[in-house]
Structure formats: C-alpha cells, structure tokens
Amino acid sequence: MALIDEWQHIVYENSILDAGERNSIWAKLSAKYRPHLDWSGLEDLEELGWLSRPHPMTAPFYYIDYGIAQTGALQLWAASKSDYRKAVESYIRGLSLGAQRTLPELFAATELRFDFSPEWIGSLGELLYSEILQPEK
C-alpha cells in the first residue's frame with residue numbers, strides 16, 4: 001500500500017504521463033519497499049507492476065483505505081483475543097453508525113485507535129509478527 005501511495009504522489013504531483021518514467025519510478029519504489037524480492041531477469045515485468053493495480057487510474061489515492069481498514073481489523077482482532085464478546089459488541093456499535101460519522105469517530109466508537117504514528121503501526125506489526133511465529137495449536 002505504501003508503494004502504491006508513494007508512486008501516486010510522485011506521478012500525480014509531477015504530472016508524469018510518460019509510461020517509461022512511471023515504470024522507472026515503480027521499479028525504484030519496488031526495490032525500496034520490497035528489497036527481499038529478486039526480479040533478476042524479470043526487471044521489464046516488475047517495472048510494469050503499477051499496471052496490475054487499477055486503483056491508481058480508476059480511484060486515485062483510494063488504495064490507502066485498505067491500509068487504514070487493516071489497522072482497524074488488526075486492533076479488533078487483538079481485542080477479540082482478550083475479550084471476544086466486548087470486541088464484537090464494539091464492532092457492531094461502530095458498524096451501526098454507518099456513514100453518519102467520520103472515520104476517526106467510527107474508530108473511536110469501535111474502541112480502536114485512529115493512529116498512524118510509526119510507534120503505533122510498529123506495535124501492530126509486532127503483534128502480528130508474534131502471532132505468526134507462534135507454533136500451531
């Protein structure tokens with residue numbers, strides 16, 4: 001999500017319409033955000049990665065909504081691990097407000113933090129990472 005978001009900012013802020021430049025920007029950002037992937041011999045395919053995502057062209061800057069939703073989902077999941085009933089009740093309370101409130105208000109009504117600081121996102125990542133490393137039950 002961060003890769004797509006940064007790519008859009010660069011392309012749209014600089015009115016980069018040339019496909020070659022867009023490809024080059026995508027390849028550089030892909031290396032930045034996904035250094036563990038080896039595209040050796042497939043560089044010409046990797047630089048076209050932006051074409052496989054319709055969002056930048058059909059709904060610019062919408063993709064980041066997925067990231068915002070995932071931070072809420074992770075928090076709700078974490079809450080459900082300690083008090084499932086309360087987490088579900090909070091979720092229903094938030095859902096019941098629908099589009100009547102702002103996103104920060106919906107998060108608050110669901111007892112979630114609307115916080116994108118490196119510290120908070122890092123703590124969510126650590127929580128998820130520790131869950132992944134747990135042996136199967």
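Residue count for the stretch 1-27 under the criterion of being of a type outside the set (A, V, I, L, M, F, W, C) and loosely packed, with under 13 Cβ neighbours inside 10 Å: the result is 7. Just one of the listed residues (75, 70) is under 29 Å from residue 115 (Cα atoms), touching a Leu at 6+ places or on another chain (Cβ under 6 Å) and of a type in the set (S, T, N, Q), and it is 75.
Could you go through the stretch 58-67 and let me know if any residue there is out of contact with any Lys or Arg (no Cβ under 8 Å at 6 or more places or on another chain) and farther than 30 Å from residue 19 by Cα. Checked the stretch 58-67: no residue is out of contact with any Lys or Arg (no Cβ under 8 Å at 6 or more places or on another chain) and farther than 30 Å from residue 19 by Cα. When you look at residue 26, is it farther than 30 Å from residue 131 by Cβ and either more than 16 Å from the chain's Cα centre (by Cα) or modelled with pLDDT of 95 or more (or both), yes or no? Yes: the conditions hold for residue 26.
The condition of being of a type in the set (Lys, Arg), part of a helix (DSSP H, G or I) and closer than 30 Å to residue 106 by Cβ holds for only one of 28, 81, that being 81. Exactly one condition in (1) in contact with a helix residue (DSSP H, G or I) (Cβ under 6 Å, 6 or more places away or on another chain); (2) of a type outside the set (Gly, Ala, Ser); (3) modelled with pLDDT under 90 is false for residue 44; which is it? The number of the failed condition is (1). Considering the stretch 94-124, and only residues there that are part of a helix (DSSP H, G or I) and surrounded by fewer than 12 Cβ atoms within 10 Å (Cβ to Cβ), the residue that is modelled with the lowest pLDDT turns out to be 98. Under 14 Å from the mean Cα position of the chain (by Cα) and surrounded by 13 or more Cβ atoms within 10 Å (Cβ to Cβ): does that describe residue 48? Answer is no for this residue.
The values are calculated or read from the model by the stated rules, or taken from the named source; none is laboratory data. Computed from a predicted model, the values in this text were never measured in an experiment. Here the Cβ is made from the backbone with ideal geometry for all residues, glycine too, and neighbour counts use every protein chain on show.
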